[in-house]
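Participant: Sending over a structure as structure tokens; questions will come in a sec.
The values are calculated or read from the model by the stated rules, or taken from the named source; none is laboratory data. Note that the structure is a prediction, hence the values are computed from the model and not measured. Here the Cβ positions follow ideal geometry from the backbone for every residue, glycine too, while neighbour counts run over all protein chains shown.
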Amino acid sequence: MDRLPEEVILQILSFLEIPDIVHLQSVSRRYLTLSRDNTLWKTECFNHSRAEALRRRQQLLSAQDSRLAELRNAFSALPGGDLTAWDVSQLQDSTQPRASFDPAAEARTQRHRALANWEPGYPDEQLDYYDEYIHRHAAVKVGWLNMPVADGSDKEVKQQATGMGTLVDSQMHRPSHVVAPLDDGSVCIWDISARSTSDHGGGGRLVAQSRRGLLSGHAAEASADSHIIMTETGAVDTSQKGYFAVQSLLHEVDLQTLHLVSTKEYPFPITALSEASSQTPVTVGTNETVHLYDPRDPAFAAGETPSAGELIGGSVYSHATLAQPGPLSILHHDGFGPDDSSIWVAGRFTSLLNYDRRFFPRLRGTIHSGARIASLASLPYSLVPRDLDLVRNPDASISALLEARSQPGTTMLAAAEYKGKGSLELYGLPRVQPYQNRQTASASKLLSVAAHGGRIVFSDGDGNMKWVERDGFSHVRTFNISDRPPDAAANASQDASSYGIWSSTGSEMPGQGDIVQKIVPTHPISASTSNSHARNERADTNKSDLLLWTGDGALGVLGFGHSNPLGEQDDWHDAVESQAESAEQRAKEDAERQYGMAMRRALERNADEVRFVRGLGMGFTRG
């Protein structure tokens, strides 16, 4: 075997099962490299994808008995069906164009089209498909950061985080620390640096905490007063300095000393902050206005309080007044070259507002959405038009698809709510090309969205985290945050008899009712650093995880494998072994989990009805 060329060995590996390929990595350094060949794992990802399942379905439909055609057409015509090009052609009593009269040649052509259509990577992007396979099929595990204990608490009540920001490693270009304000007014920093062959990583340990009441302005012992103020925190973002919004105050904190640098007061409560960067100033969104943060601005010097009427009436200082209140997310991006300085603002209003930092506060343009957007993110690649779908449009060519992918541009991702349902929205820029998935995204509003490898991940109001392909609708997998195991101490203190249909609320169960309010990738995607630094590390590292901030004030790291993603144990081998689970088994587990959650929600609604009608009609009248 050692004398065989690499091409021959890779051909042999293509016939092996996934567990055998994983075990082969332990044989030698050469087989470790060959067993992680990018083309090999790209093929495996495609073979277990929904796109390949659709292609096989089309192939089976073409070979089935003609007597089943009528039943197939009736099923395909049902409302909400995901019609393929083959289904449409059959319903129209036409045939799909064939590559040749040779069935084998036609199957190869259709597979080649499906593979080109599914491929998430762009021409100048370096996706690691070995990691892609892990993220698509390995078990999902969440490691929770240890929160400080509340001062003077006999029951060891944990403090709650009222926001989350990250510190980025200047060399690795990825988050290395989590920075968060707590409900007692303090600021904490956790080390979540990735584990590698030369470093054990941070393990999620708490490395620093400021004094209590630093952000709330109250004494350390006045924790109750701090809790009332800190629960109204609008936003948090960090660079080498931390920016924390508490009601209408914006605090700048030196993260080296954890001391306040400055405090600026705005006329309305702060509801959104842009990302903090050394190259661009922070954009501050209040309930009624948008500002560019400038520490040199004397209008908001410490101790001064500008009046709201003076600001709206036209202060000499730069600000933009919103026609409708409620910005929730502000996005900076430089996707169109060094001359671009776009600021995108979205929120409870139904349009995305575009400002140019150079001509602020003049509004450069708007995009009407119709939905209320809670989170914005960006992908530094162009959005492929829907009419170039090679599976659903037999007239589209592969060359046209590749040309569209090679065009420069940016895709803006939005997590929104439209008429009570979740809406995942994609906007191709600079030429606006919108795509809005309001049918299959979620039954509840979306809260956060991010680009995660070759996929898009978002969270909803039911506690679900869903991964879809970059087309915005092809489902990859789902994980519910309520699946996390409850704390052992909480289990001991809870009475199981109090749960069930007669409990006061379904959210009293430990771990139930949790939602993910913010998602931050530990390996952010950018045009300049797209997986380039990962090549400098040895091949046995896989730490493209997600940072989570939940609705109950917990902070966690979502990883893939059976062990703790924070690396508190020697878990790298378990993480590799977890990939060996078959795609069918993972799909079955996801389906069972979703069914269980659906049944739980149905029982909770039934319990609400029982509580509502409790005692109705049971009264007695006295004669």
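Participant: Among the residues of the stretch 395-405, how many are buried (at least 18 other Cβ atoms within 10 Å of the Cβ) and either at pLDDT below 90 or not assigned by TED's automatic domain parsing to the domain that holds H523 (or both)?
Facilitator: Selection size over the stretch 395-405: 1.
Participant: Among the residues of the stretch 188-218 satisfying the criterion of being over 17 Å from A554 (Cβ atoms), aliphatic (A, V, I, L, M) and buried (at least 21 other Cβ atoms within 10 Å of the Cβ), which is modelled with the lowest pLDDT?
Facilitator: Ranking the candidates gives A194 first.
Participant: Scan (1) more than 27 Å from the chain's Cα centre (by Cα); (2) modelled with pLDDT under 75 for the single condition V157 breaks and write down its number.
Facilitator: With respect to (1) more than 27 Å from the chain's Cα centre (by Cα); (2) modelled with pLDDT under 75, V157 is out only on (2).
Participant: A further question follows. Filter the stretch 237-288 for residues that are within 26 Å of the chain's Cα centre (by Cα) and among the acidic types (D, E); which is surrounded by the fewest Cβ atoms within 10 Å (Cβ to Cβ)?
Facilitator: E275
Participant: Please return the ranges of strands (runs of 3 or more DSSP E) entirely within the stretch 417-488 where 3 or more residues are touching a residue at least 60 places away in the same chain (Cβ under 8 Å), outside the structural domain of H135 (by TED's automatic domain parsing) and over 13 Å from the mean Cα position of the chain (by Cα). Please lay out each step first, then the result.
Facilitator: Details: elements: 421-429, 433-442, 446-452, 455-460, 464-469, 475-480.
No strands (runs of 3 or more DSSP E) qualify here.
Participant: Can I ask one more? Considering only residues that are not basic (K, R) and not in a strand (DSSP E or B), which ones fall in the stretch 343-363?
Facilitator: From the stretch 343-363, those not basic (K, R) are 343-347, 349-356, 359-361, 363; that's our starting set.
Within the stretch 343-363, F349, T350, F359, F360, P361 qualify.
Participant: Just to be sure, is V384 part of a loop (DSSP other than H, G, I, E, B), under 27 Å from the mean Cα position of the chain (by Cα), not assigned by TED's automatic domain parsing to the domain that holds R50 and not polar (S, T, N, Q)? Steps first, answer last, please.
Facilitator: Numbers: part of a loop (DSSP other than H, G, I, E, B): yes; under 27 Å from the mean Cα position of the chain (by Cα): yes; not assigned by TED's automatic domain parsing to the domain that holds R50: yes; not polar (S, T, N, Q): yes.
So V384 fits the description; yes.
Participant: Just the residues that are at pLDDT 75 or above and not in a helix (DSSP H, G or I), please, taken from the stretch 597-623.
Facilitator: Within the stretch 597-623, none qualify.
Participant: Which count do you get for residues in the stretch 366-403 that are more than 22 Å from L424 (Cβ to Cβ) and without any contact (Cβ under 8 Å) to a residue 40 or more places away in the chain?
Facilitator: Count: 6.
Participant: Could you identify the single residue in S62, S35, S49, S76 that is surrounded by 14 or more Cβ atoms within 10 Å (Cβ to Cβ), of a type in the set (S, T, N, Q), at pLDDT 65 or above and more than 27 Å from I134 (Cβ to Cβ)? Write out each step before concluding.
Facilitator: Details: S35 fails: more than 27 Å from I134 (Cβ to Cβ); S49 fails: more than 27 Å from I134 (Cβ to Cβ); S76 fails: at pLDDT 65 or above.
The unique qualifying residue is S62.
Participant: Does L311 meet the test of being hydrophobic (A, V, I, L, M, F, W, C), at pLDDT below 75 and crowded, with 20+ Cβ neighbours inside 10 Å? Spell out how you get there, then give the answer.
Facilitator: Numbers: hydrophobic (A, V, I, L, M, F, W, C): yes; at pLDDT below 75: yes; crowded, with 20+ Cβ neighbours inside 10 Å: yes.
The answer is yes for L311.
Participant: List the pairs whose first member sits in the stretch 317-331 and is over 15 Å from L273 (Cβ atoms) and assigned by TED's automatic domain parsing to the domain that holds W344, whose second member is at pLDDT 90 or above and of a type in the set (D, E), and whose Cβ atoms are under 7 Å apart, counting only residues at least 6 apart or on separate chains?
Facilitator: T321/E288; L322/E288; P325/E288
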